[in-house]
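What follows is a short report on a single structure.
The values are calculated or read from the model by the stated rules, or taken from the named source; none is laboratory data. Values in this document were obtained by computation on a predicted structure and should not be read as measured data. Note that we place each Cβ from the backbone using ideal geometry, even for glycine, and neighbour counts take in every protein chain shown. Accessible surface areas use protein heavy atoms only, side chains included; no ligands, DNA or RNA. Shrake-Rupley method; radii C 1.70, N 1.55, O 1.52, S 1.80 Å.
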Amino acid sequence: MTIETNETKQLSALAVFGVLSHTRTDIFDVLKSFISYVIKEEKLTCFTANEMAIKLNKHFDFDLPDAVVETAARRFKFRVDYGTYYIEKAVNGNSSQVEENIEKFSQNYEDIFNNLEIFTNTKLNETLSKETLTNAFTSFFLNKRVNTEQENIISTFLLNHEERAFADLFNTTTEGAILYSGLQYTEDNFDFGNWSRELSVILDTEILFSAAGLNGDLLKNSFDELYSFMKKINNKSIAKYKRPLIRLYIVPSVQLEYRNYFDTAEMIIRKQQVIDYSKSAMEAIVRSCKDVSDVQIELAKFESIFSKYNIEIMEEPDLVDAVEYNLIDENMVSFFNKELDVNDSYRFLKMLNLVNLLRAGKKSRTIEKAEYILLTAKSNTLAIAFHEKVKNIGEASLATTVSYLTSLFWYRLGEGFSKNELPKSLSIYTKARIALAGVVNDSLSSKYKELCDGYTNGNLSSEQAVAGIAKLKEKARKPEDFDADLANEAFAFISEGDITKYVKEKEYLQMKNEEQSSLIEQLQNSIENIQNQQQEEKRNYESILQEQTRSQAKTTDAIQDELKKQKSINEKQGKQLEHLLNSDKKRKKRNLAFILFILFAVFAYFTFYLYKHNKDTFAYITGSSSVLIPLAIYIIHYFKTRDNV
């Protein structure tokens, strides 16, 4: 069997994983087929779990724990001696099915990668190598980070290839990828079909907007699919543990954020601010309102999702009580401002910091054991959450996405071995639409800022700025809007350079004077509001940093006070102990003196009696006492000296 690239090998093997899941009883039965293939291909007579794990990596690019391989290997009923499996008869593991499908899928993916190379080099002015493109495609498929340009081109390519053959292959590969990913983090207790630990999922603002349908039908349906799997898990846990194990929460800062969002909608309706069309939720709110009073009705509708999805409010932990788990400092904020090319990384960091405070700094390998997780759709929050300064390799991240959490629940419920179809939210085409909408919205937001800055700096006239905003309005889209034509149009829009140059070169000023004047006034108000908001955020950030500094100082002072207090207590206890020891010594001396007095009295009485009645015995006793009395004095001196040491 020959496969051209590691990417082809990996995706083909994952596709086979997905195919076999439909005909096998469980995930270890699937893995058994791959082990059977390796045994026949290499003509093995024996192997250890570690050796087989290495060979699976060589043939299929699988990276699996030895314990997982061992569980699958035990299904063969081989003789085992000190961890070595001995193959003493022909292996029956359907290895031919693995080989046939690998060959077929590898050819399919080679064709896809060739088409991707042609498509990309037609779209771009520059040429990207096939190796670069196949690596980016595989990373995109497996939820790894891809740069914006590559994400844009891959999403556009996918939406230009939604034929049934492609869709079936990609869905099968996605199923296999989820099952494989789950195997990588499977614990020793392989309890498929059940969830055994409590998990608090904290919802970010954009997730709430998606749940309410403000970001479009596709994102709402994706959230509903996630919630349906969560309900299945909770129904089982209520039956078994008498309580739901997975709960949804918001925190007061998120509540404040979405209420400010609705306040901004009121300002837009009053024509005191220009709408930023990169914010699809804002556009949906404003479109639903005829006047300002309607905004509060929309807010009430929005907040009704809390009862619908059983979303609770969680109090945020006090930083003073958990200052040792704080992630944020001035250096961290400065670093991510530069890394993300933003000036407000603090607002992304604060939500991740909240989760770390709730976890009390504890690290875990899986989300299931993490206890708390942030569910977000903000690309900057996710970029920070997965950055090496925040997340170590092998640890569960502080934040995750709807698609990842859906795939985790789907895997843990054992849905991959049922007859149910892959959830639509996990389709690569859904991912492409969401990714492309995200790239377009980021581009709209960036171009909106360019227009505001250009107008503020005097590089654009008010008419040109307003014309640019009108152009942005035309380009605003929701994920479900994207088909092949719109994807191609969006790609061209994103690839455009400076929008200020565009509006200067175009005669884009054909609005009515009255409408233009109104928009210019709104633009001026928007810029003023944005500047005020930035100043307010800066003041809030500085205030929080000062509070953190004070908290740390208070903590240091408290520790010092506690040390002083402890020292005082130790000194007091030392004096008490010394007093007790002295008292004990005095008591022992008194007891010894009393005993000696009694002995002396008895001895004196006995001696006097003998002197009166038996003078011979008296003489003997008198002689003996010349020895006994010095000996008694020596013993008394010895014990007195030992007590003083």
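Taking the numbered list (1) open to solvent by 70 Å² or more (accessible area, probe 1.4 Å); (2) within 36 Å of the chain's Cα centre (by Cα) in turn, Glu100 passes all entries but (2). Looking at Gly414, Gly458, can you tell me which residue is at positive phi and either in contact (Cβ under 8 Å) with a residue 24 or more places away in the chain or crowded, with 18+ Cβ neighbours inside 10 Å (or both)? Result of the check over Gly414, Gly458: Gly414. In region 381-394 there is no residue that is closer than 30 Å to Leu327 by Cβ, touching a Pro at 6+ places or on another chain (Cβ under 9 Å), assigned to a helix (DSSP H, G or I) and of a type outside the set (Gly, Ala, Ser). Report yes if some residue within region 141-153 is touching a residue at least 60 places away in the same chain (Cβ under 8 Å), touching a helix residue (DSSP H, G or I) at 6+ places or on another chain (Cβ under 9 Å), in a loop (DSSP other than H, G, I, E, B) and exposed (fewer than 14 other Cβ atoms within 10 Å of the Cβ); otherwise report no. Yes, because at least one residue in region 141-153 is touching a residue at least 60 places away in the same chain (Cβ under 8 Å), touching a helix residue (DSSP H, G or I) at 6+ places or on another chain (Cβ under 9 Å), in a loop (DSSP other than H, G, I, E, B) and exposed (fewer than 14 other Cβ atoms within 10 Å of the Cβ).
Check whether at least one residue in region 177-195 is of a type in the set (Phe, Trp, Tyr) and crowded, with 19+ Cβ neighbours inside 10 Å, and report yes or no. Write out each step before concluding.
In the first step, residues of region 177-195 are kept if they are of a type in the set (Phe, Trp, Tyr); the result is 180, 185, 190, 192, 195.
Now narrow it down to the ones that are crowded, with 19+ Cβ neighbours inside 10 Å: 180, 195.
Yes, region 177-195 contains at least one residue that is of a type in the set (Phe, Trp, Tyr) and crowded, with 19+ Cβ neighbours inside 10 Å.
Whether a residue is within 30 Å of Glu489 (Cα to Cα) and among the hydroxyl-bearing types (Ser, Thr, Tyr) was assessed, and Tyr109 passes this test. Scanning region 40-47 for residues that are over 18 Å from Thr134 (Cβ atoms), within 31 Å of the chain's Cα centre (by Cα) and modelled with pLDDT of 90 or more turns up nothing.
Checked against the criterion of being open to solvent by 60 Å² or more (accessible area, probe 1.4 Å), without any contact (Cβ under 8 Å) to a residue 12 or more places away in the chain and of a type in the set (Phe, Trp, Tyr), the candidates Tyr82, Tyr86 yield just one match: Tyr82.
Considering region 228-243, and only residues there that are farther than 18 Å from Pro423 by Cβ and hydroxyl-bearing (Ser, Thr, Tyr), the residue that is most open to solvent (accessible area, probe 1.4 Å) turns out to be Tyr241. The helices (runs of 4 or more DSSP H) falling completely within region 162-245 that include 3 or more residues that are at pLDDT 90 or above and closer than 27 Å to Ile311 by Cα map to 205-211, 217-241.
Here region 122-140 is the region considered, the condition is being more than 19 Å from Leu436 (Cα to Cα) and not in a helix (DSSP H, G or I), and the residue that is most open to solvent (accessible area, probe 1.4 Å) is Asn125. Among the criteria (1) within 23 Å of Gly414 (Cα to Cα); (2) touching a residue at least 60 places away in the same chain (Cβ under 8 Å); (3) open to solvent by 60 Å² or more (accessible area, probe 1.4 Å), the one Thr23 does not fulfil is (2).
On inspection, Phe34 passes the criterion of being crowded, with 21+ Cβ neighbours inside 10 Å and either over 25 Å from Gly416 (Cβ atoms) or in contact (Cβ under 8 Å) with a residue 24 or more places away in the chain (or both).
For the structure I just gave you, tell me whether Tyr109 is of a type in the set (Ser, Thr, Tyr), crowded, with 17+ Cβ neighbours inside 10 Å and part of a helix (DSSP H, G or I). Quick ask: steps written out before the conclusion?
Working: of a type in the set (Ser, Thr, Tyr): yes; crowded, with 17+ Cβ neighbours inside 10 Å: yes; part of a helix (DSSP H, G or I): yes.
The answer is yes for Tyr109.
If you filter region 461-494 down to residues that are β-branched (Val, Ile, Thr) and open to solvent by less than 20 Å² (accessible area, probe 1.4 Å), you find that the one that is modelled with the lowest pLDDT is Val466. List pairs: first residue in region 373-399 and open to solvent by 30 Å² or more (accessible area, probe 1.4 Å), second residue β-branched (Val, Ile, Thr) and assigned to a helix (DSSP H, G or I) anywhere in the structure, Cβ distance under 7 angstrom, at least six positions apart or on different chains. Qualifying pairs under 7 Å: Ala377/Ile207. Scanning region 244-268 for residues that are open to solvent by 20 Å² or more (accessible area, probe 1.4 Å) and of a type in the set (Ser, Thr, Tyr) yields Tyr249, Ser253, Tyr261, Thr264. Looking across region 11-39, the residues that are farther than 17 Å from Asn171 by Cβ and either among the acidic types (Asp, Glu) or modelled with pLDDT under 90 (or both) come down to Arg24, Thr25, Asp26, Ile27, Phe28, Asp29. Residue-level check: of (1) under 24 Å from Lys220 (Cα atoms); (2) assigned to a helix (DSSP H, G or I); (3) acidic (Asp, Glu), Asp453 misses just (1).
Picking from residues in region 269-279 that are within 35 Å of the chain's Cα centre (by Cα) and open to solvent by 20 Å² or more (accessible area, probe 1.4 Å), the one that is farthest from Leu451 (Cα to Cα) is Lys279.
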